[in-house]
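Everything below concerns the one structure shown next.
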Amino acid sequence: MKKLPVKNGTKTTEKKEFADTKPNPDLVIVHQDLPVLIPKKENGKFGYVNQNGKFIIKPEYHIAVFFYEDCNLLNSPNQKVQKFGTDEYATVEKDMISYRVDKKGKRVYQFKDADLGKCKFGDYKQQLYQAYVLNGFYGVIEKAKFVNAADYRDYKIYPQYQYLYIMEGDDIENPMIVASHNDRFGVIDVNNKVIIPFEYSNIKRNFSWKLGRMFEVTKDGTNYYYIDVRNKTY
């Protein structure tokens, strides 16, 4: 007979659900091509900053990687933990224990061997380009078209660098290439355009480009940090 309490209860629930789904204003998007949270090291520990460089998840981890899918959890025999394998979560490590954290920094899952499934790999994308060494210098060739090493026209980039490494990424026609010139590292594309100037003592050849479209660099050989294709530091 009394309906008012029921109506009030319904309104309270609706407000709570709305509050829970409200976007986090700290997860600002300055550049669409970048992750909303970026791993950063401070005082020997890793946390996550937003695209403005503000720490959103405090630095307390020995390891912190980009927010990305974990195929072992996505294919877990434990259906309750499969959701933690999505790219809404990131893997971190503290005190030799690995966790998945959400974008608020909450540890939502602790890894267990029994929960890990087998990854199901899709079709492998064969790389179009590869590094080629001639007279001690590195260049780039397109494997399917390269015929004559003596003909400079067969090279995509004629050998001229101390070192080259083609980074793994989703766009195989336009890969990013870590190169070394005059003992400094930078990044070029397949048209030999300089993307990142040659001002670093090292650039890691890891999955940072594939996972976060960023490069992990250092100028002193010790302190590494991430930059984007605009050479902006995070």
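The values are calculated or read from the model by the stated rules, or taken from the named source; none is laboratory data. On a predicted model such as this, the values are computed, not experimentally measured, just so you know. Here the Cβ is made from the backbone with ideal geometry for all residues, glycine too, and neighbour counts use every protein chain on show. These accessible areas exclude ligands, DNA and RNA; they are computed on the full protein's heavy atoms, side chains included. Shrake-Rupley method; radii C 1.70, N 1.55, O 1.52, S 1.80 Å.
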Filter result for the condition that a residue is surrounded by 11 or more Cβ atoms within 10 Å (Cβ to Cβ), aromatic (Phe, Trp, Tyr), within 30 Å of Asp189 (Cα to Cα) and in contact with a Leu (Cβ under 8 Å, 6 or more places away or on another chain), over Phe84, Phe137, Phe146, Phe67
Phe67
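Take the conditions outside any loop (DSSP other than H, G, I, E, B) and in contact with a Lys or Arg (Cβ under 8 Å, 6 or more places away or on another chain) and apply them to Val133. Does it pass?
Values: outside any loop (DSSP other than H, G, I, E, B): yes; in contact with a Lys or Arg (Cβ under 8 Å, 6 or more places away or on another chain): no.
For Val133, the condition - outside any loop (DSSP other than H, G, I, E, B) and in contact with a Lys or Arg (Cβ under 8 Å, 6 or more places away or on another chain) - is not met.
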Count of region 149-169 residues which are open to solvent by 60 Å² or more (accessible area, probe 1.4 Å), at pLDDT 95 or above and part of a loop (DSSP other than H, G, I, E, B):
3
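Return yes or no: is Ile188 hydrophobic (A, V, I, L, M, F, W, C), under 30 Å from Glu42 (Cα atoms) and buried (at least 17 other Cβ atoms within 10 Å of the Cβ)? Please lay out each step first, then the result.
On the way: hydrophobic (A, V, I, L, M, F, W, C): yes; under 30 Å from Glu42 (Cα atoms): yes; buried (at least 17 other Cβ atoms within 10 Å of the Cβ): yes.
The answer is yes for Ile188.
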Looking at region 169-178, can you tell me whether even one residue there is farther than 21 Å from Gly212 by Cβ, touching a strand residue (DSSP E or B) at 6+ places or on another chain (Cβ under 6 Å) and not aromatic (Phe, Trp, Tyr)?
no
Where in region 175-228 are there strands (runs of 3 or more DSSP E), lying wholly inside it, with at least 3 residues that are free of Cβ contacts under 8 Å to residues at least 60 places away in the same chain and under 21 Å from Gln127 (Cβ atoms)?
177-181, 184-188
Just wondering, is there one or more residues in region 150-164 that are in contact (Cβ under 8 Å) with a residue 24 or more places away in the chain and closer than 30 Å to Tyr89 by Cβ?
no
I need the full set of residues from region 103-127 which are part of a loop (DSSP other than H, G, I, E, B) and open to solvent by 100 Å² or more (accessible area, probe 1.4 Å), in order please.
Lys104, Lys106, Lys112, Lys118, Lys120, Phe121, Asp123, Tyr124, Lys125, Gln126
